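The values are calculated or read from the model by the stated rules, or taken from the named source; none is laboratory data. Being a predicted model, the structure only gives us computed values, none of them experimental. Backbone-built Cβ (ideal geometry, glycine too); neighbour counts: all protein chains shown. Side chains included, ligands, DNA and RNA excluded: accessible areas come from the protein's heavy atoms. Shrake-Rupley method; radii C 1.70, N 1.55, O 1.52, S 1.80 Å.
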Amino acid sequence: MSNSNLKSQLIDLLNLQKLSVGILSANWLALSEALCVLQKNKCEVLHFDVADGQFCPLFTVGAGAIANFPSHFFKDVHLMVKDQLNVAKKAVSQGANLVTLQIEQQQDLMKTLDWLAEQNNVFQDKVYPVLTGLSICPETPIVGCVEYIDKVDVFQVLTLDPRTGKKYEKEFIKHRIDELCNLLSERRMTKLINVDGSMNLALAQYFSQNTDINWIISGSALFNGALAESLQEWKTANIF
């Protein structure tokens, strides 16, 4: 099967997933238990924020942490780093299935997207192309995505700016998602869109009901208490 067909197959699989779980918010002393709960609930996408304290003040685990998770899970990796190319290479070597770059970090951005487009990794015992992603801060013009549309599989719309911590109103973010969908036009069917940033249940419900997105990214809201109970609550609210 060609790489383009494999990519289409992978995107179809991901269309069945409505939630990307920010696994760094889990209790790592009980990580195996959390992964079992996620697997039982058919939550197969794990979100990793990799930040070096240079693109924004946030500093998290490095890309090496990705290798601790089995390939049954799809590893959705968001880079907030200065050197996107080399960290992307590290992330892929550790099993990343999707690497999302910040559009604002322009150094080697196109070069990194081109490199990622040539990579493959395992997901659920099958080798698929690594997907390319582009994350957009709230005040970055959506029109800036135009030159990258043909190179990007997943667009991530942020509800807050990680560089300042400023959070934006949900209506403002909805308008940006609508604008992105209009920009993609007929290519929307072959792209994925997610939304990320301090995502609680009420906000997740709003975006699920009022925008054309593929999945919600949430971490601390899911792990603030018993994970199984949180997932049941989100299921009841039709988030996934």
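Just to be sure before I move on: is K7 of a type in the set (K, R), touching a strand residue (DSSP E or B) at 6+ places or on another chain (Cβ under 8 Å) and open to solvent by 40 Å² or more (accessible area, probe 1.4 Å) in the structure I sent?
Values: of a type in the set (K, R): yes; touching a strand residue (DSSP E or B) at 6+ places or on another chain (Cβ under 8 Å): yes; open to solvent by 40 Å² or more (accessible area, probe 1.4 Å): yes.
In short, yes.
Count, please, the residues in segment 183-204 that happen to be of a type outside the set (D, E, K, R) and within 17 Å of G219 (Cβ to Cβ). Give the steps one after another, and end with the answer.
Our first condition is that a residue be of a type outside the set (D, E, K, R); within segment 183-204, this holds for 183-185, 189-190, 192-195, 197-204.
Going one step further and asking which of them are within 17 Å of G219 (Cβ to Cβ), we end up with 194-195, 197-204.
Matching residues across segment 183-204 total 10.
For segment 129-140, name all the residues that are part of a loop (DSSP other than H, G, I, E, B) and either open to solvent by 80 Å² or more (accessible area, probe 1.4 Å) or in contact with a Lys or Arg (Cβ under 8 Å, 6 or more places away or on another chain) (or both). Outline the logic, then answer.
The first filter runs over segment 129-140 and keeps only residues part of a loop (DSSP other than H, G, I, E, B), leaving 130, 137-140.
Passing the criteria: C137, P138, E139.
Which count do you get for residues in segment 59-86 that are over 23 Å from G144 (Cα atoms) and either part of a helix (DSSP H, G or I) or of a type in the set (F, W, Y) (or both)?
Result for segment 59-86: 11.
If you check T159 against the conditions, is it over 25 Å from K82 (Cα atoms), within 18 Å of the chain's Cα centre (by Cα) and touching a residue at least 24 places away in the same chain (Cβ under 8 Å)?
Details: over 25 Å from K82 (Cα atoms): no; within 18 Å of the chain's Cα centre (by Cα): yes; touching a residue at least 24 places away in the same chain (Cβ under 8 Å): yes.
In short, no.
Being closer than 25 Å to A51 by Cβ, β-branched (V, I, T) and surrounded by 13 or more Cβ atoms within 10 Å (Cβ to Cβ) narrows it down to one of T159, T164, so name that one.
T159
When you scan segment 98-109, do you find a residue that is of a type in the set (S, T, N, Q) and within 19 Å of L10 (Cα to Cα), even just one?
So in segment 98-109, the residues of a type in the set (S, T, N, Q) come out as 100, 102, 105-107.
With the extra rule that they be within 19 Å of L10 (Cα to Cα), the set shrinks to 100.
Checking segment 98-109: at least one residue is of a type in the set (S, T, N, Q) and within 19 Å of L10 (Cα to Cα).
Here's the yes/no breakdown for (1) touching a Ser or Thr at 6+ places or on another chain (Cβ under 6 Å); (2) touching a residue at least 60 places away in the same chain (Cβ under 8 Å):
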{"residue": "N5", "(1), (2)": "no, no"}
{"residue": "S25", "(1), (2)": "yes, yes"}
{"residue": "F48", "(1), (2)": "no, no"}
{"residue": "L79", "(1), (2)": "no, no"}
{"residue": "Q102", "(1), (2)": "yes, no"}
